[in-house]
């Protein structure tokens, strides 16, 4: 079963158009949704959660996301970029609310996360730092037996130590084969560590969506001259940077002569050069 199946997703705001987008995430995998701020990541996630009306079809965990939104709530762990909890509540009060909201709520697991994250149970939510708030949001998502986590910029604004801790937690979650994650971020280095699949969004368009390892095998970085670059098959070049000192391009390895020396490319380099070209 696929955890996520999106076909023909479109949304038009007048000055911004998303899609059409086709995207599939197999069960048990992590997909990184990469894009600059304003690329359409949050719009895509809102459409998936039936928070906005959009064209196309969306299936989550084998169910129609629009027709089964109430049912899916129990199986989805949602972590938005801003954790929306009443500021006056403390952790114990939050736990009671969540226990009434989710049929599979696990109080012991939740409090285990509180200890692991060193979060104070009696202090008000408004006193929490951004990192503490994000850890609480992730703990809630992980404490009701969710099968699919959907996280919108969970590491944005956090220091490297907290980001690394969150990445480790997400890795632990997917050790169970039925667990899947969609995580959006503009911090590509975080996603490159943990993702099985990568989807590039740029100005509302899906530029690439494939297995991370396949992308790294298929594409490489060519450093050459502008003249040689112009002579290459246009379909071989996904993006390029030309300066007074030379040129570099993201190329499809199988479409350039074997005599060329192609360097490995990182996911971050792949996205940046492609986005600049688009």
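Quick note: the coordinates plus some simple rules give every number you see, no bench work behind them. On a predicted model such as this, the values are computed, not experimentally measured, just so you know. Note: ideal-geometry Cβ built from the backbone for every residue, glycine included; neighbour counts use all protein chains shown.
Could you check what % of the DSSP bridge pairs in the chain are antiparallel, to the nearest 5?
Details: 33 of 51 bridges.
For the chain, the DSSP antiparallel bridge percentage is about 65.
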Degrees separating the helix 130-142 axis from the principal Cα axis of the chain, which is the longest one = 80 degrees
message = Whole angstrom only: what separates the Cα centroid of region 1-16 from the Cα centroid of region 212-278?
response = 29 Å
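Sorted by average packing, counted as other Cβ atoms within 10 angstrom per residue and highest first, what order do 250-259, 24-33 take?
Details: 250-259: 13.9, 24-33: 21.0.
Highest mean packing first, the order is 24-33, 250-259.
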inquiry  = With a cut-off of 8 Å between alpha carbons and a minimum separation of six or more residues, what is the relative contact order of the chain in percent?
reply    = 21 percent
ask   = Any idea how far apart residue 258 and residue 101 come out in nm if each label point goes 7 Å out from Cα toward Cβ?
value = 5.9 nm
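State, as an integer percentage, the relative contact order of region 193-278 based on alpha-carbon contacts under 8 Å between residues 6 or more apart. List each step's numbers first, then the result.
Working: 128 pairs, mean separation 25.0, N = 86.
Result for region 193-278 is 29 percent.
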task = Decide, for region 215-277, between rounded, prolate and oblate: order the square roots of the alpha carbon gyration tensor eigenvalues as a ≥ b ≥ c, take rounded if a/c falls under 1.5, and otherwise choose prolate if a/b is larger than b/c, else oblate.
result = oblate
remark   = Quick note on 158, 208, 191, ordering by fewest other C-beta atoms within 10 Å, gives 208, 158, 191
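Neighbouring Cβ atoms within 10 Å as the yardstick, rank 162, 79 fewest first. Walk me through the intermediate numbers first.
Numbers: 162 18, 79 22.
Exposure proxy ranking, most exposed first: 162, 79.
What is the chain by shape, rounded, prolate or oblate, if you read a ≥ b ≥ c off the alpha carbon gyration tensor as root eigenvalues and call it rounded for a/c under 1.5, prolate for a/b larger than b/c, and oblate otherwise?
In terms of gyration-tensor shape, prolate.
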